[in-house]
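Accompanying notes for the structure given below.
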Amino acid sequence: MTWQGIWQATILTLFPEMFPGPLGLSLAGKGLREGKWALRTIDIRDFATDKHGSVDDTPAGGGAGMVMRADIAAASIDAARKDAPHDAPVIYPSPRGGPLTQAEAHRIAEGPGAILLCGRFEGVDQRVLEARNVKEISIGDYVLSGGELAAQVLIDACVRLLPGVTGNDTSLAEESFASGLLEYPHYTRPREWEGRAIPDILLSGDHEKIAGWRRAQAEALTKARRPDLWAKYRKS
Ligand code: SAH
């Protein structure tokens, strides 16, 4: 394999045709084609052991829905491990996980890549999460019908941080969360639109004043919209 040194995402899914999906377009897609990162999908159904290809079963203890079997999920993780960087974390996108934050995306992007186990139905047998040291990560406090969209969100957040993918390090340094604040508002031509003008200060050419204005805007926005981030920012 030629993965050496390239950030690599391995997706374990029942729907490999969902990939690369949006990750094949725009900056992430360009980076993928240029070999700045690599993507591999593994079909969990290939590890089914019966002739119907079943991967799930009814929950022990009763209740609604179906649960992905531990033996089958584990077989797919073990297969992924063979061709993945040895220290790539196994991540299970799950509403029960800790939140995906910009800091977490940085940590994952700085590593060798990730193996992502995409759940469906009610989720995955708990034993495989423990036995394979799987980390659960949530993309938000709502429930999706499968882990694939969450995996794509996580990969997109990581891949755009890789060297040479976004192509402009200052835009990464200034964006939301980089400084603990939400980003200031942006404007571009036309100078006046539907009676609304671009704030004069942005056209003044005074870089120091512009930076001050942007910071004040970022602070005001954060304070109004995200009191949780504002409190953290004030403390640090
Ligand atoms: N019964 C589970 C939800 C299962 S949703 C519960 O209540 O916690 C089916 C799959 O979608 C999950 O296995 C997970 O992989 C994915 N998923 C759903 N919501 C998610 C979220 N907010 N973040 C990350 N993955 C999610």
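The values are calculated or read from the model by the stated rules, or taken from the named source; none is laboratory data. Source: prediction; values computed, not measured. Here the Cβ is made from the backbone with ideal geometry for all residues, glycine too, and neighbour counts use every protein chain on show.
Based on what the data block shows, is PRO89 touching a residue at least 40 places away in the same chain (Cβ under 8 Å), away from the ligand (no atom under 12 Å from the Cβ) and out of contact with any helix residue (DSSP H, G or I) (no Cβ under 8 Å at 6 or more places or on another chain)? No: the conditions fail for PRO89.
Please tell me if GLY146 is under 20 Å from LEU39 (Cβ atoms) and surrounded by 13 or more Cβ atoms within 10 Å (Cβ to Cβ). For GLY146, the condition - under 20 Å from LEU39 (Cβ atoms) and surrounded by 13 or more Cβ atoms within 10 Å (Cβ to Cβ) - is met. Among residues of region 162-186 that are in contact (Cβ under 8 Å) with a residue 40 or more places away in the chain, those with a beta-carbon under 8 Å from a residue that is among the basic types (Lys, Arg) and part of a loop (DSSP other than H, G, I, E, B) at least six positions away or on a different chain give the pairs LEU162/LYS36; PRO163/LYS36; GLY164/LYS36; VAL165/LYS36; THR166/ARG160; LEU182/ARG226. Somewhere in region 216-231, is a residue outside any helix (DSSP H, G or I), modelled with pLDDT of 95 or more and at positive phi? Scanning region 216-231, I find no residue that is outside any helix (DSSP H, G or I), modelled with pLDDT of 95 or more and at positive phi, so the answer is no. Residues that are surrounded by 10 or more Cβ atoms within 10 Å (Cβ to Cβ) and of a type in the set (D, E, K, R) within region 170-190 comprise GLU174, GLU175, GLU183, listed in sequence order. Here region 152-169 is the region considered, the condition is being touching a helix residue (DSSP H, G or I) at 6+ places or on another chain (Cβ under 8 Å) and in a helix (DSSP H, G or I), and the residue that is surrounded by the fewest Cβ atoms within 10 Å (Cβ to Cβ) is ASP156. Note on region 99-146: among residues that are polar (S, T, N, Q) and either more than 15 Å from the ligand (Cβ to nearest atom) or modelled with pLDDT under 95 (or both), the one that is farthest from ASP56 (Cα to Cα) is GLN102. Has region 54-75 got any residue that is touching a Gly at 6+ places or on another chain (Cβ under 9 Å) and away from the ligand (no atom under 16 Å from the Cβ)? No: zero hits.
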